[in-house]
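Colleague: Let me give you the structure first, and then I'll get to my questions.
The values are calculated or read from the model by the stated rules, or taken from the named source; none is laboratory data. Please read these numbers as outputs of a predicted model, since none were measured by experiment. Every residue, glycine as well, gets a Cβ built from its backbone with ideal geometry; the counts of neighbours run over all protein chains shown.
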Amino acid sequence: MAGFRELYEGHFMFVWRSLRRLGVAERDCSDVAQEVFVVVHRRLSTLRQDVKPSTWMYGICVRAASDYRRRAANRYEVLDEAAVDSEGSRSPSASSVLAGREQVNELERILNAMPPEQREVFTAFELEGMSCPEIAISLEVPLGTVYSRLRLAREQIEKAAMRLQATSAFALRGLAHV
């Protein structure tokens, strides 16, 4: 069995990506990842030899992201305009980043619109490459439930993509008349 240090070093980015895709704000991902690894450290003795560590940790990430969303109502944020201005002066030109960032933002909007159960399964399967049996183990749900949630999530993605295509086509037609 891998020790905690190996798990931390080998899976930190997996945990961070998973949390981000499960709806944790980028600025909070490192903190929530640390919460995940506190749980990993505390529960390391429960890691079964027949389960991949990433499968086990994904379940912990899902619960941590759920806790994060639940606590969101208690967070108060104040914009630090000086920090925003200094970030803006160091960043590359907006045109060089815009296209990729828009795609990422659109995916985040689509994922945020999904029920958490569907988002968890879609993220694990499509973005992290986990198998459906691994997801079932990780989320502690029946395999049929995983398949059902994945199908529903894919349907939502398809509908959102069709809406986006229609909106883009409509916008392009409007530009052609200008």
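Colleague: Filter the range 38-58 down to residues that are surrounded by fewer than 19 Cβ atoms within 10 Å (Cβ to Cβ), of a type outside the set (D, E, K, R) and touching a residue at least 24 places away in the same chain (Cβ under 8 Å) and give me whichever is nearest to Glu128 (Cα to Cα). So that I can check it myself, show each step before the final result.
Modeller: Taking the range 38-58 as the starting set, the residues that turn out to be surrounded by fewer than 19 Cβ atoms within 10 Å (Cβ to Cβ) are 38-39, 41-53.
Still in the list and also of a type outside the set (D, E, K, R): 38-39, 41, 44-47, 49, 51, 53.
Filter once more, keeping what is touching a residue at least 24 places away in the same chain (Cβ under 8 Å): 39, 41, 44, 47, 49, 51, 53.
Details: Val39: 21, His41: 22, Leu44: 22, Leu47: 20, Gln49: 21, Val51: 16, Pro53: 13 Å.
Only one residue fits best here, namely Pro53.
Colleague: Related question: Look through the range 57-91, keep the residues that are within 30 Å of Glu9 (Cβ to Cβ) and outside any helix (DSSP H, G or I), and return whichever of them is modelled with the lowest pLDDT.
Modeller: Looking at residues that are within 30 Å of Glu9 (Cβ to Cβ) and outside any helix (DSSP H, G or I), I get Ser91.
Colleague: Could you check Pro133 against (1) in contact with a Leu (Cβ under 8 Å, 6 or more places away or on another chain); (2) outside any helix (DSSP H, G or I) and say which number it fails?
Modeller: Among (1) in contact with a Leu (Cβ under 8 Å, 6 or more places away or on another chain); (2) outside any helix (DSSP H, G or I), the lone unmet condition for Pro133 is (2).
Colleague: Let me ask another. Out of (1) surrounded by fewer than 17 Cβ atoms within 10 Å (Cβ to Cβ); (2) touching a residue at least 40 places away in the same chain (Cβ under 8 Å), what's the single condition that is false for Ser138?
Modeller: (1)
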